[in-house]
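Quick notes on the structure that follows.
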Amino acid sequence: MRILIIEDEPELARHVSRALTRHGHLVEVRHDGNAGLQAGLTGTPDLIVLDLNLPGLNGLAVLAQLRQANSPARVIILTARGEVEHRVRGLKAGADDYLAKPFSLEELIARIEAMGRRGTAPTGSDLLQIADLVVDLPHRRVTRAGRSITLSPREFDVLQVLLQEPGRIFSRTELCERVWQRQHTYDTRTVEIFIARLRKKLDHDFPHALIHTVRGEGYSIRAPA
């Protein structure tokens with residue numbers, strides 16, 4: 001994968017870059033928000049490792065502008081341990097995953113490689129549809145009632161899991177395991193944030209909701225009665 005690291009700590013950026021290069025990735029590094037944003041918009045990174053505490057534009061501002069420009073890159077945000085609110089704001093702004101500092105390189109690489117596998121299993125069909133919602137899997141395109149809807153890569157992954165079994169209730173824990181490929185370290189609030197993001201894009205401007213919460217159990221997607 002083509003990976004962009006936006007990190008203002010030179011030593012940390014160097015260690016991460018070397019580790020990812022050893023694993024066969026093509027890596028670029030930027031040390032401030034302005035340069036990182038420019039590289040993210042003009043280059044073609046598949047994934048961005050983004051520190052939130054950056055000189056110039058901070059990480060949240062970089063992320064917001066990337067998503068406003070419909071950047072297809074997946075984004076892992078780096079936060080200081082305990083910065084829960086920053087992590088939540090980053091996920092709401094369009095990040096796909098997070099990692100708290102200090103972290104192990106092995107964990108970062110595992111997260112990146114899981115993202116490279118797109119996190120979901122093939123369904124045997126190129127199109128998934130429920131009611132007026134249509135998902136083109138090979139091109140990762142989503143439309144509802146003929147209207148094109150732009151999803152972040154991780155939003156798409158969550159939607160794909162739900163659509164693979166319409167009507168089935170997925171617990172928050174199972175969605176974490178299926179989408180983020182974590183069996184032991186997960187944060188179910190992350191799932192709640194992504195469901196809220198999907199509802200805003202897929203349901204809010206339409207007469208019938210497709211994504212439903214089953215209290216105490218989880219989430220499902222189903223056609224209107």
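The values are calculated or read from the model by the stated rules, or taken from the named source; none is laboratory data. In this text, all values refer to a predicted model and were calculated from it rather than measured experimentally. Every residue, glycine among them, receives a Cβ derived from its backbone with ideal geometry; neighbour counts consider all protein chains shown.
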message = Residue under question is Asp203, and the condition is that it be touching a Gly at 6+ places or on another chain (Cβ under 7 Å), closer than 15 Å to Val134 by Cα and not basic (Lys, Arg); does it hold?
response = no
ask   = Among the listed residues Glu165, Glu155, which satisfies the condition of being modelled with pLDDT of 90 or more and either hydroxyl-bearing (Ser, Thr, Tyr) or in contact with a Ser or Thr (Cβ under 9 Å, 6 or more places away or on another chain) (or both)?
value = Glu165
Qualifying positions in segment 152-170 - closer than 11 Å to Leu128 by Cα and in contact with a strand residue (DSSP E or B) (Cβ under 8 Å, 6 or more places away or on another chain) = Leu159, Gln160, Val161, Leu162, Leu163, Gln164, Pro166
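Could you tell me whether Leu91 is among the hydrophobic types (A, V, I, L, M, F, W, C), over 19 Å from Glu192 (Cα atoms) and in contact (Cβ under 8 Å) with a residue 60 or more places away in the chain?
For Leu91, the condition - among the hydrophobic types (A, V, I, L, M, F, W, C), over 19 Å from Glu192 (Cα atoms) and in contact (Cβ under 8 Å) with a residue 60 or more places away in the chain - is not met.
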request  = Could you pull out the residue among Gln160, Gln164 that is polar (S, T, N, Q) and within 18 Å of the chain's Cα centre (by Cα)?
outcome  = Gln160
query = Among Ala73, Ala110, Ala69, which is the only one that is at pLDDT below 90 and under 30 Å from Glu9 (Cβ atoms)?
reply = Ala110
inquiry  = Take Ile211 and tell me if it is modelled with pLDDT under 95, surrounded by 16 or more Cβ atoms within 10 Å (Cβ to Cβ), in contact with a Leu (Cβ under 8 Å, 6 or more places away or on another chain) and not small (Gly, Ala, Ser).
reply    = no
message = So in segment 77-107, with the set limited to residues that are at pLDDT below 85 and of a type in the set (Lys, Arg), which one is surrounded by the fewest Cβ atoms within 10 Å (Cβ to Cβ)?
response = Arg81
task = For segment 135-161, enumerate the residues that are of a type in the set (Val, Ile, Thr) and either in a strand (DSSP E or B) or under 14 Å from Pro72 (Cβ atoms) (or both).
result = Val135, Val142, Thr143, Ile149, Thr150
query = What pairs can you find where one residue is in segment 149-160 and farther than 15 Å from Thr190 by Cα, the other is among the hydroxyl-bearing types (Ser, Thr, Tyr), and their Cβ atoms are less than 7 Å apart, with a gap of 6+ or different chains?
reply = Ile149/Thr143; Gln160/Thr120
request  = For Val49, work out the one condition from (1) part of a helix (DSSP H, G or I); (2) modelled with pLDDT of 95 or more it doesn't fulfil.
outcome  = (1)
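Residues Arg22, Arg74: which one is of a type in the set (Lys, Arg) and surrounded by fewer than 23 Cβ atoms within 10 Å (Cβ to Cβ)? It would help to see each step written out before you state the result.
Values: Arg74 fails: surrounded by fewer than 23 Cβ atoms within 10 Å (Cβ to Cβ).
Matching residue, one of Arg22, Arg74: Arg22.
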query = Which is loosely packed, with under 13 Cβ neighbours inside 10 Å and free of Cβ contacts under 8 Å to residues at least 24 places away in the same chain, of Glu217, Glu165, Glu177, Glu192?
reply = Glu165
query = Is it the case that some residue within segment 170-183 is on the phi > 0 side of the Ramachandran plot, of a type in the set (S, T, N, Q) and not assigned by TED's automatic domain parsing to the domain that holds Ala93?
reply = yes
remark   = Residue pairs qualifying under the 6 Å Cβ cut-off, at least six apart or on distinct chains, with the first in segment 12-33 being within 22 Å of Leu66 (Cα to Cα) and the second being among the hydroxyl-bearing types (Ser, Thr, Tyr) and outside any strand (DSSP E or B), are Val27/Ser17; Val27/Thr21; Val29/Ser17
